[in-house]
Amino acid sequence: MLLKNKNAVIYGGAGAIGGSVARAFAREGASVFLAGRTLDSLTKVANEITDAGGIAEAAQVDALDPHSIEQHLISVVQKAGHIDISFNAIWIRGDLQGQPLLEMPVEDFTLPVLTGVKTHFLTSTLAARHMVKQKTGTILTLSSSSASLSGRDRRFHLTGGFSTACAAIEAFSRSLAGELGTQGIRVACLRPDAIPETWGTDPEVEKIKTYMEDGTLLGRLPTLDEVANAAVFIASDKASAMTGTIVNLTCGSIID
């Protein structure tokens with residue numbers, strides 16, 4: 001029970017990564033507060049957690065609206081007493097890929113960047129203001145391998161603004177860690193590669209999967225469970241000396 005007596009707020013808690021991390025946090029003893037725009041989907045994940053014996057609650061929160069975020073955080077503090085973990089797993093429009101930059105409208109390029117940076121800034125800093133009062137807490141952000149692709153992959157993948165968004169989130173995470181470290185707050189960014197479980201079954205997808213697996217040291221891509229288990233460890237006191245780090249979960253497609 002690595003997260004016993006800890007309260008975790010997870011933005012995008014109904015998504016593939018957010019939901020997997022929420023379930024893992026709950027299994028390790030955390031009380032999980034799921035936040036996102038679609039209450040029905042969040043409630044489904046919360047019910048799965050409570051049916052398994054965990055503690056979870058869902059709330060409709062716009063992670064791009066500071067008032068919505070802060071009102072939710074206040075309600076969590078009122079109910080649970082403190083916020084120990086904040087994790088942002090909000091989708092940042094990775095679908096706007098596949099088009100050469102020279103042919104891409106500027107709006108399609110900037111949307112992932114603006115969305116990703118804004119939501120991470122808001123959820124992280126607003127949670128940190130509560131954590132500062134208790135002099136402890138862990139903030140987890142989410143990037144992807146797109147932030148640091150190899151030359152081979154930059155030629156193959158047309159990532160649009162998604163890779164720029166991921167790189168910006170990583171830079172923000174390091175800066176925030178620098179500002180919050182003396183306040184007892186740790187910041188880490190999870191950087192998984194693509195996760196095949198979240199893909200469809202199109203034959204073209206299988207070709208891409210084979211290409212990507214061939215570019216990793218392990219000869220495969222990460223699973224949702226692996227990402228969730230890493231999040232548990234980083235959020236736990238077992239990782240109390242880790243901050244300002246980018247957690248490499250790429251199966252070796254990137255070597256730091």
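The values are calculated or read from the model by the stated rules, or taken from the named source; none is laboratory data. Owing to the predicted nature of the structure, the values given are computational and were not obtained by experimental measurement. Cβ: placed from backbone, ideal geometry, glycine included. Neighbour counts: every protein chain shown. Only protein heavy atoms, including side chains, enter the accessible area calculation; ligands, DNA and RNA are left aside. Shrake-Rupley method; radii C 1.70, N 1.55, O 1.52, S 1.80 Å.
Accessible area of residue 27, 1.4 Å probe, to the nearest 10 Å²? Answer for residue 27: close to 140 Å² accessible. Structure remark: mean-square fluctuation, Gaussian network model of the chain, C-alpha springs under 10 Å; the largest value among 207, 135, 118 belongs to 207.
A straight chain from residue 207 to residue 152 at 0.36 nm per residue would run longer than the Cα-Cα distance by 18.2 nm. Accessible area per residue for the chain, computed on protein heavy atoms with a 1.4 Å probe, is 47 Å².
Taking 80, 230, 177 as the candidate residues, the one with maximal mean-square fluctuation in a Gaussian network model of the chain, Cα springs under 10 Å, is 80. With each label modelled as a point 7 angstrom along the Cα→C-beta vector, the residue 174-residue 198 pair spans 2.3 nm. Extension gain, residue 39 to residue 220: 0.36 nm times the residue separation minus the Cα-Cα distance gives 61.8 nm. Among 68, 163, 146, the largest mean-square fluctuation in a Gaussian network model of the chain (Cα springs under 10 Å) belongs to 68. Which links in 6/135; 79/238; 4/238 stretch past 18 Å when you go from one Cα to the other? From 6/135; 79/238; 4/238, over 18 Å: 79/238. Of the residues 160, 146, 185, the one whose Cα sits farthest toward the positive end of the charge dipole of segment 113-218, with +1 on the Cβ of Lys and Arg and -1 on the Cβ of Asp and Glu, is 185.
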